[in-house]
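J.: Pasting in a structure now, in C-alpha coordinates, and then I'll have a few things to ask.
The values are calculated or read from the model by the stated rules, or taken from the named source; none is laboratory data. Quick caveat: nothing in here was measured; it's all calculated off a predicted structure. Using ideal geometry, Cβ is built from the backbone for each residue, glycine included, and neighbour counts are taken over all protein chains shown. Accessible surface areas use protein heavy atoms only, side chains included; no ligands, DNA or RNA. Shrake-Rupley method; radii C 1.70, N 1.55, O 1.52, S 1.80 Å.
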Amino acid sequence: MPEQCDPPLPSAGGTPGPYDALLLLSFGGPEGPDDVVPFLENVTRGRGIPRERLKEVGQHYFLFDGVSPINAQNRELLAALREDFAANGLDLPVYWGNRNWAPYLVDTLREMVRDGHRRIAVLATSAYASYSGCRQYRENLADALATLQADGLPVPRVDKLRHYFNHPGFVRPMVDGVLASLAELPEDVRAGAHIAFTTHSIPTAAADTSGTPEDHTGNGEGGAYVAQHLDVARVIAAAVREETGVDHPWRLVYQSRSGAPHIPWLEPDICDHLEEVHRAGVPAVVMAPIGFVSDHMEVKYDLDTEAAAKAAELGLPVARSATVGADPRFAAAVRDLVLERAAAERGRAPERCALGGLGPSHDLCPVGCCPARAPRPAAAGADWTGPVAEVQG
(Lines give C-alpha, C1' and ligand atoms only; values in the text may rest on other atoms or scores of the structure.)
Protein backbone atom coordinates (compact mmCIF):
# COMPACT_ATOMS: atom_id res chain seq x y z
CA MET A 1 0.00 0.00 0.00
CA PRO A 2 1.51 3.38 -0.99
CA GLU A 3 1.98 5.79 1.93
CA GLN A 4 1.23 8.86 -0.18
CA CYS A 5 0.92 10.05 -3.76
CA ASP A 6 3.24 12.51 -5.43
CA PRO A 7 1.08 15.64 -5.60
CA PRO A 8 0.93 17.82 -8.71
CA LEU A 9 3.12 20.92 -8.67
CA PRO A 10 1.66 24.31 -7.72
CA SER A 11 0.95 26.66 -10.60
CA ALA A 12 3.75 29.13 -9.85
CA GLY A 13 5.66 30.49 -6.90
CA GLY A 14 4.22 27.95 -4.46
CA THR A 15 0.60 29.06 -5.01
CA PRO A 16 -2.05 26.50 -6.02
CA GLY A 17 -3.74 28.76 -8.58
CA PRO A 18 -6.57 29.40 -9.06
CA TYR A 19 -7.13 28.94 -5.30
CA ASP A 20 -6.12 31.61 -2.83
CA ALA A 21 -7.29 29.96 0.43
CA LEU A 22 -8.44 26.68 1.97
CA LEU A 23 -11.46 26.41 4.25
CA LEU A 24 -11.61 23.57 6.78
CA LEU A 25 -15.35 23.02 7.18
CA SER A 26 -16.57 20.96 10.13
CA PHE A 27 -19.54 20.15 12.35
CA GLY A 28 -18.60 22.01 15.52
CA GLY A 29 -19.25 21.14 19.13
CA PRO A 30 -19.85 22.68 22.57
CA GLU A 31 -16.87 23.83 24.62
CA GLY A 32 -18.52 24.08 28.02
CA PRO A 33 -21.71 23.10 29.92
CA ASP A 34 -23.53 26.31 28.96
CA ASP A 35 -22.91 25.59 25.27
CA VAL A 36 -24.53 22.15 25.17
CA VAL A 37 -28.22 22.99 24.76
CA PRO A 38 -27.65 25.98 22.40
CA PHE A 39 -25.39 23.74 20.31
CA LEU A 40 -28.05 21.02 20.14
CA GLU A 41 -30.63 23.67 19.22
CA ASN A 42 -28.42 24.56 16.25
CA VAL A 43 -28.07 20.90 15.26
CA THR A 44 -31.82 20.21 15.47
CA ARG A 45 -33.10 23.59 14.25
CA GLY A 46 -36.48 23.31 12.54
CA ARG A 47 -37.40 19.95 14.10
CA GLY A 48 -39.37 21.39 17.01
CA ILE A 49 -37.56 19.41 19.71
CA PRO A 50 -38.36 20.81 23.21
CA ARG A 51 -35.49 22.28 25.23
CA GLU A 52 -36.04 19.77 28.05
CA ARG A 53 -35.60 16.92 25.59
CA LEU A 54 -32.37 18.48 24.36
CA LYS A 55 -31.09 18.54 27.95
CA GLU A 56 -31.72 14.78 28.09
CA VAL A 57 -30.03 14.21 24.74
CA GLY A 58 -27.05 16.26 25.89
CA GLN A 59 -26.27 14.09 28.90
CA HIS A 60 -23.35 12.40 27.21
CA TYR A 61 -21.76 15.83 26.67
CA PHE A 62 -22.19 16.63 30.38
CA LEU A 63 -20.24 13.46 31.20
CA PHE A 64 -17.29 15.26 29.58
CA ASP A 65 -17.92 18.61 31.33
CA GLY A 66 -19.93 19.82 28.36
CA VAL A 67 -16.89 19.79 26.08
CA SER A 68 -16.86 17.99 22.74
CA PRO A 69 -13.35 17.03 21.60
CA ILE A 70 -14.07 18.03 18.01
CA ASN A 71 -13.08 21.70 18.17
CA ALA A 72 -9.73 20.98 19.83
CA GLN A 73 -9.11 18.28 17.23
CA ASN A 74 -9.93 20.67 14.41
CA ARG A 75 -7.44 23.15 15.86
CA GLU A 76 -4.83 20.39 15.78
CA LEU A 77 -5.70 19.57 12.16
CA LEU A 78 -5.60 23.27 11.25
CA ALA A 79 -2.09 23.52 12.73
CA ALA A 80 -1.01 20.32 10.95
CA LEU A 81 -2.25 21.63 7.60
CA ARG A 82 -0.48 24.96 8.03
CA GLU A 83 2.72 23.19 9.04
CA ASP A 84 2.58 20.79 6.09
CA PHE A 85 1.82 23.53 3.59
CA ALA A 86 4.66 25.72 4.87
CA ALA A 87 7.14 22.83 4.94
CA ASN A 88 6.31 21.96 1.32
CA GLY A 89 6.37 25.49 -0.06
CA LEU A 90 2.62 25.76 -0.56
CA ASP A 91 1.57 29.38 -0.10
CA LEU A 92 -2.06 28.91 0.90
CA PRO A 93 -3.72 30.36 4.02
CA VAL A 94 -6.00 27.94 5.90
CA TYR A 95 -9.18 29.00 7.72
CA TRP A 96 -11.70 27.05 9.80
CA GLY A 97 -15.48 27.33 10.05
CA ASN A 98 -18.24 25.14 11.54
CA ARG A 99 -21.80 24.24 10.73
CA ASN A 100 -23.19 24.30 14.27
CA TRP A 101 -20.84 26.21 16.59
CA ALA A 102 -18.18 28.90 16.68
CA PRO A 103 -16.29 29.66 14.59
CA TYR A 104 -19.40 29.69 12.43
CA LEU A 105 -19.05 29.16 8.69
CA VAL A 106 -20.60 32.47 7.67
CA ASP A 107 -18.32 34.41 10.04
CA THR A 108 -15.26 32.64 8.66
CA LEU A 109 -16.30 33.37 5.07
CA ARG A 110 -16.78 37.04 6.01
CA GLU A 111 -13.22 37.05 7.37
CA MET A 112 -11.91 35.36 4.24
CA VAL A 113 -13.47 37.80 1.79
CA ARG A 114 -12.38 40.77 3.91
CA ASP A 115 -8.87 39.31 3.69
CA GLY A 116 -9.23 39.43 -0.10
CA HIS A 117 -9.91 35.77 -0.90
CA ARG A 118 -12.17 35.06 -3.86
CA ARG A 119 -11.45 31.45 -4.91
CA ILE A 120 -11.67 29.04 -2.00
CA ALA A 121 -11.10 25.29 -1.82
CA VAL A 122 -13.17 23.59 0.88
CA LEU A 123 -12.26 20.48 2.86
CA ALA A 124 -15.19 18.99 4.79
CA THR A 125 -14.35 16.78 7.77
CA SER A 126 -16.50 14.00 6.34
CA ALA A 127 -14.83 11.53 4.01
CA TYR A 128 -17.82 9.67 2.55
CA ALA A 129 -20.83 10.42 0.36
CA SER A 130 -24.14 11.09 2.14
CA TYR A 131 -26.63 13.90 2.59
CA SER A 132 -25.33 14.88 6.05
CA GLY A 133 -21.70 14.28 5.09
CA CYS A 134 -21.67 16.17 1.79
CA ARG A 135 -24.78 17.86 0.43
CA GLN A 136 -25.75 19.41 3.77
CA TYR A 137 -22.34 21.08 3.92
CA ARG A 138 -22.95 22.35 0.39
CA GLU A 139 -26.30 23.73 1.57
CA ASN A 140 -24.53 25.45 4.47
CA LEU A 141 -22.13 27.01 1.97
CA ALA A 142 -25.05 28.21 -0.16
CA ASP A 143 -26.73 29.81 2.87
CA ALA A 144 -23.50 31.52 3.88
CA LEU A 145 -22.87 32.87 0.36
CA ALA A 146 -26.41 34.21 0.23
CA THR A 147 -25.81 36.00 3.54
CA LEU A 148 -22.61 37.56 2.22
CA GLN A 149 -24.46 38.78 -0.87
CA ALA A 150 -27.27 40.23 1.27
CA ASP A 151 -24.65 42.02 3.39
CA GLY A 152 -23.14 43.58 0.28
CA LEU A 153 -19.87 41.69 0.63
CA PRO A 154 -17.95 40.11 -2.25
CA VAL A 155 -19.08 36.54 -2.92
CA PRO A 156 -16.24 34.06 -3.36
CA ARG A 157 -16.30 30.95 -5.49
CA VAL A 158 -16.13 27.86 -3.30
CA ASP A 159 -15.11 24.42 -4.58
CA LYS A 160 -15.52 21.42 -2.28
CA LEU A 161 -12.65 18.95 -2.56
CA ARG A 162 -13.54 15.40 -3.55
CA HIS A 163 -14.33 12.59 -1.12
CA TYR A 164 -11.08 11.25 0.32
CA PHE A 165 -12.26 8.02 1.96
CA ASN A 166 -9.88 5.94 -0.18
CA HIS A 167 -6.89 8.27 -0.33
CA PRO A 168 -3.74 6.55 1.04
CA GLY A 169 -3.11 9.43 3.43
CA PHE A 170 -6.48 8.74 5.04
CA VAL A 171 -6.41 4.93 4.88
CA ARG A 172 -2.85 4.15 5.97
CA PRO A 173 -3.17 5.80 9.41
CA MET A 174 -6.28 3.67 10.00
CA VAL A 175 -4.35 0.52 9.05
CA ASP A 176 -1.71 1.45 11.61
CA GLY A 177 -4.45 2.10 14.16
CA VAL A 178 -5.88 -1.40 13.72
CA LEU A 179 -2.42 -2.95 13.94
CA ALA A 180 -1.72 -1.03 17.17
CA SER A 181 -5.06 -2.13 18.65
CA LEU A 182 -4.41 -5.77 17.80
CA ALA A 183 -1.07 -5.46 19.61
CA GLU A 184 -2.91 -4.14 22.70
CA LEU A 185 -5.03 -7.27 23.00
CA PRO A 186 -3.86 -10.16 25.18
CA GLU A 187 -1.65 -12.44 23.16
CA ASP A 188 -3.84 -15.50 23.71
CA VAL A 189 -6.86 -13.85 21.99
CA ARG A 190 -5.07 -11.69 19.42
CA ALA A 191 -5.01 -14.13 16.49
CA GLY A 192 -8.73 -14.83 16.79
CA ALA A 193 -9.75 -11.19 17.12
CA HIS A 194 -12.63 -9.90 15.01
CA ILE A 195 -12.50 -6.40 13.49
CA ALA A 196 -15.68 -4.32 13.76
CA PHE A 197 -15.36 -1.43 11.31
CA THR A 198 -17.74 1.25 12.58
CA THR A 199 -19.38 4.30 11.08
CA HIS A 200 -22.29 6.60 11.82
CA SER A 201 -25.64 4.98 11.17
CA ILE A 202 -27.99 6.94 8.92
CA PRO A 203 -31.56 6.24 7.77
CA THR A 204 -31.59 3.49 5.14
CA ALA A 205 -33.53 5.79 2.81
CA ALA A 206 -30.72 8.37 3.00
CA ALA A 207 -28.09 5.67 2.52
CA ASP A 208 -29.88 4.29 -0.55
CA THR A 209 -29.81 7.71 -2.22
CA SER A 210 -26.21 8.55 -1.27
CA GLY A 211 -23.73 9.34 -4.01
CA THR A 212 -24.51 10.04 -7.65
CA PRO A 213 -27.84 8.93 -9.16
CA GLU A 214 -26.02 5.92 -10.62
CA ASP A 215 -25.07 4.86 -7.07
CA HIS A 216 -28.64 4.95 -5.73
CA THR A 217 -30.01 1.52 -4.89
CA GLY A 218 -33.47 2.01 -3.41
CA ASN A 219 -33.37 -1.55 -2.06
CA GLY A 220 -31.77 -1.18 1.35
CA GLU A 221 -28.22 -1.91 0.16
CA GLY A 222 -26.99 1.52 1.20
CA GLY A 223 -25.89 3.24 -2.00
CA ALA A 224 -22.47 4.89 -2.16
CA TYR A 225 -22.32 5.40 1.61
CA VAL A 226 -22.20 1.69 2.37
CA ALA A 227 -20.21 0.78 -0.74
CA GLN A 228 -17.45 3.26 0.10
CA HIS A 229 -17.15 2.06 3.70
CA LEU A 230 -17.05 -1.57 2.59
CA ASP A 231 -14.31 -0.79 0.09
CA VAL A 232 -12.17 0.91 2.75
CA ALA A 233 -12.78 -1.95 5.19
CA ARG A 234 -11.58 -4.46 2.58
CA VAL A 235 -8.42 -2.45 1.94
CA ILE A 236 -7.63 -2.18 5.66
CA ALA A 237 -8.36 -5.86 6.32
CA ALA A 238 -6.13 -6.87 3.42
CA ALA A 239 -3.29 -4.65 4.65
CA VAL A 240 -3.60 -6.08 8.16
CA ARG A 241 -3.52 -9.60 6.73
CA GLU A 242 -0.43 -8.77 4.69
CA GLU A 243 1.44 -7.32 7.68
CA THR A 244 0.40 -9.84 10.34
CA GLY A 245 -0.12 -13.03 8.36
CA VAL A 246 -3.52 -13.42 10.03
CA ASP A 247 -6.82 -13.20 8.16
CA HIS A 248 -9.01 -11.52 10.78
CA PRO A 249 -12.79 -11.77 10.20
CA TRP A 250 -14.51 -8.42 9.99
CA ARG A 251 -17.84 -6.70 9.49
CA LEU A 252 -19.08 -3.16 8.85
CA VAL A 253 -21.30 -2.09 11.76
CA TYR A 254 -22.96 1.12 12.83
CA GLN A 255 -23.24 3.46 15.81
CA SER A 256 -24.70 6.76 16.99
CA ARG A 257 -28.24 6.16 15.76
CA SER A 258 -30.73 8.92 16.54
CA GLY A 259 -34.23 9.84 15.43
CA ALA A 260 -37.63 8.19 15.56
CA PRO A 261 -37.51 4.44 16.30
CA HIS A 262 -40.00 3.57 13.53
CA ILE A 263 -37.67 4.84 10.79
CA PRO A 264 -35.25 2.14 9.53
CA TRP A 265 -31.55 2.96 10.02
CA LEU A 266 -28.45 1.04 8.96
CA GLU A 267 -27.72 -1.94 11.19
CA PRO A 268 -26.31 -3.79 13.10
CA ASP A 269 -25.52 -1.45 15.97
CA ILE A 270 -22.06 -1.94 17.47
CA CYS A 271 -23.42 -3.03 20.88
CA ASP A 272 -25.75 -5.59 19.28
CA HIS A 273 -22.82 -6.78 17.18
CA LEU A 274 -20.63 -7.27 20.24
CA GLU A 275 -23.34 -9.46 21.76
CA GLU A 276 -23.62 -11.44 18.51
CA VAL A 277 -19.91 -12.17 18.12
CA HIS A 278 -19.60 -12.98 21.83
CA ARG A 279 -22.33 -15.61 21.47
CA ALA A 280 -20.47 -16.98 18.45
CA GLY A 281 -17.35 -17.49 20.56
CA VAL A 282 -15.20 -14.67 19.21
CA PRO A 283 -12.40 -14.13 21.77
CA ALA A 284 -11.77 -10.39 21.22
CA VAL A 285 -12.78 -7.43 19.05
CA VAL A 286 -11.01 -4.41 17.61
CA MET A 287 -13.43 -1.52 17.08
CA ALA A 288 -12.14 0.53 14.13
CA PRO A 289 -14.06 3.81 13.58
CA ILE A 290 -13.32 4.23 9.88
CA GLY A 291 -16.29 6.55 9.34
CA PHE A 292 -14.86 9.37 11.46
CA VAL A 293 -12.01 11.78 10.82
CA SER A 294 -11.27 12.42 14.51
CA ASP A 295 -12.00 11.11 18.02
CA HIS A 296 -15.00 13.37 18.57
CA MET A 297 -18.02 12.72 20.79
CA GLU A 298 -19.53 9.89 18.75
CA VAL A 299 -16.25 8.03 19.19
CA LYS A 300 -15.50 8.99 22.79
CA TYR A 301 -19.01 8.26 24.06
CA ASP A 302 -20.60 5.71 21.73
CA LEU A 303 -17.48 3.54 21.48
CA ASP A 304 -15.21 4.36 24.41
CA THR A 305 -18.09 4.60 26.90
CA GLU A 306 -21.20 2.69 25.74
CA ALA A 307 -19.64 -0.03 23.60
CA ALA A 308 -16.75 -0.50 26.03
CA ALA A 309 -19.28 -0.93 28.86
CA LYS A 310 -21.17 -3.53 26.82
CA ALA A 311 -17.93 -5.43 26.15
CA ALA A 312 -17.04 -5.35 29.87
CA GLU A 313 -20.51 -6.68 30.71
CA LEU A 314 -19.93 -9.55 28.27
CA GLY A 315 -16.39 -10.19 29.45
CA LEU A 316 -15.21 -9.59 25.89
CA PRO A 317 -11.73 -8.07 25.43
CA VAL A 318 -11.89 -5.04 23.11
CA ALA A 319 -9.54 -2.39 21.81
CA ARG A 320 -10.52 0.74 19.93
CA SER A 321 -8.26 1.93 17.14
CA ALA A 322 -7.43 5.59 16.60
CA THR A 323 -9.01 7.81 13.98
CA VAL A 324 -6.86 9.75 11.52
CA GLY A 325 -7.07 13.09 13.33
CA ALA A 326 -4.11 15.38 12.61
CA ASP A 327 -1.82 12.62 11.35
CA PRO A 328 0.87 14.20 9.12
CA ARG A 329 -0.03 11.74 6.34
CA PHE A 330 -3.57 13.08 6.33
CA ALA A 331 -2.32 16.66 6.20
CA ALA A 332 -0.17 15.65 3.22
CA ALA A 333 -3.23 14.04 1.63
CA VAL A 334 -5.13 17.32 1.94
CA ARG A 335 -2.24 19.10 0.23
CA ASP A 336 -2.44 16.48 -2.51
CA LEU A 337 -6.19 17.03 -2.90
CA VAL A 338 -5.79 20.81 -3.12
CA LEU A 339 -3.05 20.60 -5.74
CA GLU A 340 -4.92 17.92 -7.67
CA ARG A 341 -8.08 20.05 -7.85
CA ALA A 342 -6.11 23.19 -8.67
CA ALA A 343 -4.37 21.41 -11.53
CA ALA A 344 -7.73 20.17 -12.85
CA GLU A 345 -9.15 23.70 -12.69
CA ARG A 346 -6.17 24.84 -14.78
CA GLY A 347 -7.05 22.29 -17.44
CA ARG A 348 -4.47 19.67 -16.47
CA ALA A 349 -5.10 15.94 -15.96
CA PRO A 350 -3.48 15.22 -12.57
CA GLU A 351 -2.92 11.80 -11.05
CA ARG A 352 -5.80 11.08 -8.67
CA CYS A 353 -4.65 8.83 -5.88
CA ALA A 354 -7.11 6.21 -4.59
CA LEU A 355 -6.97 2.74 -3.07
CA GLY A 356 -9.49 -0.08 -3.39
CA GLY A 357 -11.90 -0.86 -6.18
CA LEU A 358 -13.98 2.31 -6.49
CA GLY A 359 -11.41 4.77 -7.81
CA PRO A 360 -11.25 8.49 -7.08
CA SER A 361 -14.48 10.36 -6.46
CA HIS A 362 -15.84 13.17 -8.62
CA ASP A 363 -14.72 16.79 -8.25
CA LEU A 364 -18.13 18.29 -8.87
CA CYS A 365 -21.24 16.78 -7.31
CA PRO A 366 -23.68 16.04 -10.17
CA VAL A 367 -27.37 16.88 -10.19
CA GLY A 368 -29.24 14.45 -7.94
CA CYS A 369 -26.21 13.64 -5.78
CA CYS A 370 -27.17 12.79 -2.15
CA PRO A 371 -30.55 14.56 -2.49
CA ALA A 372 -32.33 16.24 0.40
CA ARG A 373 -35.90 15.37 1.35
CA ALA A 374 -36.85 18.99 0.69
CA PRO A 375 -34.77 20.52 -2.11
CA ARG A 376 -32.56 23.44 -1.05
CA PRO A 377 -29.83 25.36 -2.86
CA ALA A 378 -26.41 23.72 -2.52
CA ALA A 379 -23.17 25.40 -3.59
CA ALA A 380 -20.15 23.70 -5.17
CA GLY A 381 -22.19 21.35 -7.33
CA ALA A 382 -23.44 21.05 -10.89
CA ASP A 383 -26.88 22.26 -9.79
CA TRP A 384 -25.62 25.49 -8.16
CA THR A 385 -27.20 28.62 -9.67
CA GLY A 386 -26.60 31.06 -6.82
CA PRO A 387 -24.13 33.92 -6.44
CA VAL A 388 -20.59 33.37 -7.69
CA ALA A 389 -17.43 35.40 -7.41
CA GLU A 390 -16.89 38.28 -9.80
CA VAL A 391 -13.20 37.32 -9.77
CA GLN A 392 -12.87 33.72 -10.93
CA GLY A 393 -9.06 33.49 -10.72
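J.: Looking at the chain as a GNM with Cα springs under 10 Å, which of Gly222, Gly325, Gly116 has the largest mean-square fluctuation?
T.: Of Gly222, Gly325, Gly116, the most mobile in the Gaussian network model is Gly116.
J.: Comparing Val286, Val171, Val277, which has the greatest mean-square fluctuation in the GNM of the chain with Cα pairs linked when under 10 Å apart?
T.: Val277
J.: Expressed in nm², what is the orientationally averaged projection area of the convex hull enclosing the Cα positions of the range 240-393?
T.: Average of the hull's projected areas for the range 240-393 equals 13.7 nm².
J.: Would you kindly state the longest site-free stretch of the chain, with sites defined as trypsin sites (Lys or Arg not before Pro) in a DSSP loop (not H, G, I, E, B) surrounded by at most 11 other Cβ atoms within 10 Å?
T.: Numbers: sites that count: Arg45, Arg47, Arg373.
That would be 48-372.
J.: Given a Förster distance of 45 angstrom, what is the FRET efficiency for Arg114 paired with Glu3, based on the Cβ-Cβ distance and rounded to 0.05?
T.: About 0.70, to the nearest 0.05.
J.: Sticking with this structure for a sec: Run the paramagnetic zone check for Arg251: 7 angstrom along Cα to Cβ, then residues of the range 164-197 with backbone nitrogen under 12 Å.
T.: The answer is 194-197, whose backbone nitrogens lie closer than 12 Å to the label point.
J.: At 1.4 Å probe size, with every protein chain present, just tell me what the per residue accessible area of the chain comes to in Å².
T.: Result: 41 Å² per residue.
J.: Search the structure for amide H atoms under 5 Å from the amide H of Ala124, placed 1.01 Å from N in the peptide plane, and list their residues when 5 or more places away or on another chain.
T.: Leu25, Leu161
J.: Further question: With all protein chains present, how much of the accessible area of the chain (probe radius 1.4 Å) comes from carbon and sulfur, to the nearest whole percent?
T.: Carbon and sulfur together cover 51 percent of it.
J.: Loop-only check: which GluC sites (Glu not before Pro) in the range 1-46 are DSSP coil with at most 12 other Cβ within 10 angstrom?
T.: On the way: sites: Glu3, Glu31, Glu41; in loops: Glu3.
Passing sites in the range 1-46 are Glu3.
J.: Towards the positive end of the charge dipole of the chain, with charges on Cβ (+1 Lys, Arg; -1 Asp, Glu), say which of Leu182, Thr217, Gly386 has the farthest Cα.
T.: Projecting each Cα onto the dipole axis, the largest value belongs to Gly386.
J.: Something else now. Given an 8 Å cut-off on Cα distances and at least 6 residues of separation, report the relative contact order of the chain as a percent. Write down the numbers at each step before the final one.
T.: Working: 752 pairs, mean separation 101.4, N = 393.
RCO, the chain: 26 percent.
J.: Another one. Could you tell me which of rounded, prolate or oblate describes the range 36-179, using a ≥ b ≥ c as the square roots of the eigenvalues of the alpha-carbon gyration tensor, with rounded for a/c under 1.5 and, failing that, prolate when a/b is larger than b/c and oblate otherwise?
T.: The shape class here is oblate.
J.: Sum -39500 (n - 2.57) across every DSSP H segment of at least 4 residues in the chain, then divide by the residue count to get the 222 nm mean residue ellipticity, nearest 500.
T.: Values: 14 runs with 149 residues, N = 393.
Per the formula, -11500 deg cm²/dmol.
J.: Report the antiparallel proportion of the DSSP beta bridges in the chain as a percent, rounded to a multiple of 5.
T.: 10
J.: Label Gln149 and Glu306 with points 7 Å out from Cα along Cα→Cβ: what is the distance between them in nm?
T.: 4.0
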